[in-house]
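The values are calculated or read from the model by the stated rules, or taken from the named source; none is laboratory data. Worth saying up front: this structure is predicted, and the values here are computed from it rather than measured. Don't worry about glycine lacking a Cβ; one is built from the backbone with ideal geometry, like all the others, and counts go over all protein chains shown. Heads up: the accessible areas ignore ligands, DNA and RNA and are worked out on the full protein's heavy atoms, side chains in. Shrake-Rupley method; radii C 1.70, N 1.55, O 1.52, S 1.80 Å.
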Amino acid sequence: MSLKWNDHNGCFHPDSAFDFLPGEQLRALQLQRLRATVERTYSNVEFMRKRMDAHGVRPEQLRTLDDIRRLPFTDKIDLRDTYPYGLFACPMSEVVRLHASSGTTGKPIVVGYTQGDMETWKNVILRSLAATGMHRGDILQNAYGYGLFTGGLGLHYGAEALGATVIPISGGNSDRQIMIMRDFGVTAISCTPSYFIHLIEHGASMGVDLKTLPLRIGIFGAEPWTEEMRCFIQREANIRAFDIYGLSEIIGPGVGIECTCQNGLHIFEDHFLFEILDPKTGAPVPDGEEGELVLTTLSKQAMPILRYRTHDITRVIPEQCDCGRSIRRIARISRRSDDMLIIRGVNVFPSQIEAALLKVEQTLPHYQIIVRREREMDEMEIRIEVTAEVFSDRVSEIERISRRLSHAVESTTGIRAKISLVEPQTIQRSEGKARRVLDLRKLDDPKNPL
Ligand code: DLL
């Protein structure tokens with residue numbers, strides 16, 4: 001099947017020039033911006049000044065980019081401890097926007113933006129969308145949630161600045177999503193990959209086959225997804241699906257994105273300095289090896305963040321990308337260092353399970369992992385939807401697929417799981433980030449939000 005794809009002959013938006021900055025110029029710019037950011041943080045954020053003092057480091061000691069390692073880390077708990085505005089580096093009169101993301105203890109994490117930060121955000125989103133081949137004339141259905149979540153409004157202004165027509169539909173109301181996608185001639189959509197898969201099915205239930213629509217680009221992120229998931233989406237909707245990454249603490253969406261080569265996410269290194277570190281020791285890992293992504297903002301004014309521990313696990317792709325961008329790439333976020341399940345002493349990541357499940361034919365990308373403790377033993381159950389035909393077939397077919405899934409999971413994770421095949425539309429759909437793991441062992445834990 002040929003994709004409805006046109007990369008506009010490599011024609012790039014002028015704002016994308018920074019994507020191609022020669023390495024030396026980029027590093028000089030990064031150093032200049034890093035020093036200004038550290039200086040600003042030290043002078044204006046008491047919490048950070050005390051921390052740097054305790055660490056024995058002063059802004060003027062940053063002479064090279066490697067000196068960043070002298071700086072202390074920042075973690076989510078610091079945003080919680082300074083709630084709501086304790087990490088702001090400017091007076092509230094300069095803050096033009098607040099967003100918030102849910103924390104695990106009830107209070108959200110609050111992030112602020114100056115007018116200058118809004119310009120930076122617009123710029124990185126514009127460059128993100130341009131890198132996927134979007135351009136003036138595209139009609140973007142922005143189905144990320146508008147509101148305190150950074151997805152909706154974050155994408156919005158950059159897409160407008162690119163010259164695209166933005167439909168600010170936000171998440172949910174799938175009937176209306178499908179109607180608008182069909183009637184408004186939508187050519188690009190942005191939402192979580194799990195919600196888009198739901199839209200593919202929902203369209204089918206309304207008699208609308210997304211493959212037949214002018215839709216050609218999907219901008220998917222805010223949650224982990226696998227290459228198998230991408231194949232499913234591209235095949236079932238006949239679009240090209242791009243991975244976009246970001247987090248509220250750093251700016252929101254727009255920290256990095258895949259280009260048309262779809263081989264890793266370019267990080268907008270002129271605005272965000274990244275390190276990949278061993279999550280246990282905090283030491284840098286060699287190029288190409290997996291570690292935790294640690295980010296430092298280089299232009300943020302309202303809330304500059306130094307060495308933020310994202311807990312997202314990735315690796316740098318050191319080779320130059322075929323698209324010619326000089327800004328480096330990271331591999332898709334395979335997992336978070338804190339989403340690891342320990343089942344009977346074995347470390348298991350949800351993304352490993354997803355990849356194993358979707359390799360088996362007739363499975364649908366809707367699944368849930370349920371972990372229980374039964375008679376002191378950890379048990380993992382995987383509920384997964386399979387196509388309706390499976391259930392209309394003989395019992396032996398159901399058993400055959402269950403066995404194949406069980407084998408796929410065991411050979412990937414080393415853990416034998418109970419496989420429960422369920423009919424299409426059984427597993428609850430999410431309009432935003434999917435919640436795939438239900439760890440019932442944590443029910444006694446007072447911090448557990450379940
Ligand atoms: O999810 C910002 C965003 C909006 C990104 C729209 C992309 C598109 P938070 O709610 O603060 O911000 O969640 C940030 O989500 O640390 C990752 O663990 C995860 N995440 C975000 N993008 C991806 C991705 C937004 N492409 C957290 N792949 C991050 C995997 C992702 N995980």
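Points to keep in mind about this one:
- Summing Lys and Arg as +1 and Asp and Glu as -1 over all other residues whose Cβ lies under 14 Å from the Cβ of Trp121 gives a net charge of -2.
- Beta-bridge orientation, the chain: approximately 65 percent antiparallel, per DSSP, counting only bridges with both partners inside.
- Distance between the stretch 50-103 and the stretch 124-138 - C-alpha centres, whole angstrom: 31 Å
- Principal-axis analysis of the Cα atoms of the chain puts helix 115-131 at an angle of about 50° to the longest axis.
- Of Ala331, Ala188, Pro279, farthest towards positive along the dipole that unit charges on Lys, Arg, Asp, Glu beta carbons give the chain: Pro279
- Neighbour net charge for Ile369 - beta-carbon separation under 10 angstrom, K R +1, D E -1: -1
- With every protein chain in place, the stretch 341-444: carbon and sulfur % of accessible area (1.4 Å): 46 percent
- Taking 7 Å steps out from each Cα toward its Cβ at Asp183 and Ala17 produces label points 4.3 nm apart.
- The calculated FRET efficiency for the pair Thr281 and Gln362, based on their C-beta separation and a Förster distance of 51 Å, comes to about 0.70.
- Over 23 Å (Cα to Cα) - which of Lys76/Lys280; Lys280/Lys300; Lys107/Lys442 fall in this group: Lys280/Lys300
- Averaged over its residues, the chain has an accessible area of 44 Å² per residue, based on protein heavy atoms and a 1.4 Å probe.
- FRET efficiency for Ser337 and Met377, using Cβ-Cβ distance with R0 set to 22 Å, rounded to 0.05: 0.30
- Each residue of the stretch 193-208 was assigned a 3J(HN,Hα) from its phi angle through the Karplus expression (A = 6.51, B = -1.76, C = 1.60, θ = phi - 60°), giving x, 5, 5, 5, 4, 4, 5, 4, 5, 5, x, 4, 5, 9, x, 10 Hz with x at Gly and Pro.
- Cut-off under 5 Å, modelled amide H: who pairs with Arg240 long-range: Ile217, Gly218
- Residues whose amide H falls under 5 Å from that of Tyr308, counting only those 5 or more places apart or on a different chain, are Thr74, Leu295, Thr296, with hydrogens built in the peptide plane.
- Crossing angle, helix 46-55 versus the chain [Cα axis fit, 0-90 degrees, rounded to tens]: 80 degrees
- With Cα atoms, 0 to 90° folded angle of helix 23-44 axis to the chain main axis: 70 degrees
- Virtual paramagnetic centre 7 Å along Cα→Cβ of Asn44, amide N under 16 Å, in the stretch 234-274: 250-251
- The phi torsions of the stretch 91-98, fed into the Karplus equation with coefficients 6.51, -1.76 and 1.60 and a -60° offset, translate into couplings of x, 4, 5, 9, 8, 9, 8, 10 Hz, rounded to whole numbers, with Gly and Pro shown as x.
- Full extension of the chain between Asp175 and Leu148 gives 7.3 nm of extra length, using 0.36 nm per residue less the Cα-Cα distance.
- The chain: calculated mean residue ellipticity at 222 nm from DSSP helix runs of at least 4, using -39500 (n - 2.57): -9500 deg cm²/dmol
- 12 Å beta-carbon shell around Ser334, net charge (K/R +1, D/E -1): -3
- Whole-percent carbon and sulfur share, accessible surface of the stretch 88-143, 1.4 Å: 55 percent
- Fully extending the segment from Ser392 to Arg404, taken as 0.36 nm per residue of separation minus the present Cα-Cα distance, adds 2.5 nm.
- Among Met229, Met380, Met179: highest mean-square fluctuation, GNM of the chain, C-alpha pairs under 10 Å: Met179
- Computed from backbone phi, the HN-Hα couplings of the stretch 156-162 come to 3, 6, x, 5, 4, 4, 5 Hz, rounded to whole numbers (Karplus: 6.51 cos²θ - 1.76 cosθ + 1.60, θ = phi - 60°; Gly and Pro given as x).
- Candidates Asp393, Asp67, Asp287, ranked by Gaussian network fluctuation over the chain, Cα under 10 Å, top entry: Asp393
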